[in-house]
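Below: one structure, written as C-alpha cells.
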Amino acid sequence: MQPIAHIHTDFPTKFGVPRQSGLVDRLTSAIVFEPEFRNPDYLRGIEGWSHLWLIWQFHRVAPDDYSPTVLPPKLGGKTRVGVFATRSPFRPNHMGLSVVRLASVDWTAKGGPVLYVTGADMVDGTPIFDIKPYVPYADSVPDAVDAFAETRQATPLAVIFPEPGRGMIAPEKLEGLTQALSLNPRPGYQHDPTRRYGFSFDGLDVRFTIDGDALTVVEVVTL
C-alpha cells in the first residue's frame, strides 16, 4: 500500500494528541494529497458527506514493536489484555481508524484539493491510506458495549489557563487546546498533583499540573 495523503495537525508528538477521534472538535486539521492523488475527480461528491473514516498508519512505531498483549493506561498500566482487544498503536500492522467531521474542501489550493477536518486524533504528518464516507445508518451502533467504560473519566477536567500563557495561543485555536487539556492527557496510572506535564502544540510547549479534577497551565514556551 502507499499513502494517498498526509494529515497536518497541531500536535507534532504523541503526548497530548486526543486519545480517540471526535473528542476534540474545535481544532481543524488539513489533509493534503500526494501528487498522484490530487486529481479533483478522486473527491467528486465528497462534500455531500458530513463525516469520513480515515485509515492511517502509526508511522512512528518501530516495525516490530508489538506483542500479543498490552497494558492499557485506562486500566492503570498493570492489567494485560490482548492487543486486538485494544486500540494500542503497538500492533502487527500499526493501522489506525478514525472518524472525522468534514469541515470544508479547498478545491483551489496550490497543488490540488485539500480537505479540512475536525476531530482528528493523529500527530502531524501521519500518512493516510484511504478515506471512506461515514454512513450513519450502518456505522452507528447505539447499544454497543464499551469494555473500558468504567475506567473512562466521564467529566472533563476544569482547565485553569492564566495569562500570559493564554495570550500566546492563537485565538482560533485556544478553545480547541483547552478542550484537549480537559480530556486529561496524562497517563492513567499517574496521579502526582505536583508533577509537571507538557506537550507540543502549534509551535509551543504547553506545561501543566493536574490536581484532582482541575488542570492548571503553569507555563507556555515557544519552541
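The values are calculated or read from the model by the stated rules, or taken from the named source; none is laboratory data. Keep in mind the model is a prediction, meaning the values are calculated, not measured. Using ideal geometry, Cβ is built from the backbone for each residue, glycine included, and neighbour counts are taken over all protein chains shown. Ligands, DNA and RNA are stripped out before the accessible areas are found, and what is left, the full protein with its side chains, is counted by its heavy atoms. Shrake-Rupley method; radii C 1.70, N 1.55, O 1.52, S 1.80 Å.
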* Asked: Can you pull out the residues in the stretch 19-77 that are aliphatic (A, V, I, L, M) and in contact (Cβ under 8 Å) with a residue 40 or more places away in the chain?
  -> L23, V24, L27, A30, I31, V32, L43, I46, L52, L54, I55, L75
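Residues checked against (1) assigned to a strand (DSSP E or B); (2) modelled with pLDDT under 95; (3) not polar (S, T, N, Q):
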{"position": "L174", "(1), (2), (3)": "no, no, yes"}
{"position": "Q179", "(1), (2), (3)": "no, no, no"}
{"position": "R186", "(1), (2), (3)": "no, yes, yes"}
{"position": "T209", "(1), (2), (3)": "yes, no, no"}
* To do: Could you list all residues from the stretch 23-58 that are over 21 Å from A180 (Cβ atoms) and either among the basic types (K, R) or modelled with pLDDT under 95 (or both)?
  => R38, R44
* To do: Scan the stretch 11-26 for residues that are open to solvent by 20 Å² or more (accessible area, probe 1.4 Å) and either under 9 Å from the mean Cα position of the chain (by Cα) or under 15 Å from I169 (Cα atoms) (or both) and report the count.
  => 8
* To do: May I ask you to list pairs of residues, at least six apart or on different chains, whose Cβ atoms are under 6 Å apart, with the first in the stretch 111-134 being of a type in the set (S, T, Y) and the second being part of a loop (DSSP other than H, G, I, E, B)?
  => T118/D25
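The rows are residues; the columns are (1) within 30 Å of L102 (Cβ to Cβ); (2) touching a residue at least 40 places away in the same chain (Cβ under 8 Å); (3) among the aromatic types (F, W, Y).
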| residue | (1), (2), (3) |
| --- | --- |
| P142 | yes, no, no |
| E150 | no, no, no |
| Q179 | yes, yes, no |
| T209 | no, no, no |
| D213 | no, yes, no |
| V220 | no, yes, no |
* To do: For D124, work out the one condition from (1) over 24 Å from Y189 (Cβ atoms); (2) over 17 Å from the mean Cα position of the chain (by Cα); (3) open to solvent by 50 Å² or more (accessible area, probe 1.4 Å) it doesn't fulfil.
  => (2)
* Structure fact -> Scanning the stretch 136-168 for residues that are out of contact with any Lys or Arg (no Cβ under 6 Å at 6 or more places or on another chain), at pLDDT below 90 and either assigned to a helix (DSSP H, G or I) or open to solvent by less than 80 Å² (accessible area, probe 1.4 Å) (or both) gives D146, A149, E150
* Do we find that D64 is out of contact with any helix residue (DSSP H, G or I) (no Cβ under 9 Å at 6 or more places or on another chain), of a type outside the set (K, R), part of a helix (DSSP H, G or I) and open to solvent by 50 Å² or more (accessible area, probe 1.4 Å) in this structure? -> no
* Can you work out which of the residues in the stretch 78-106 that are in a loop (DSSP other than H, G, I, E, B) and over 14 Å from R19 (Cβ atoms) is least open to solvent (accessible area, probe 1.4 Å)? => H94
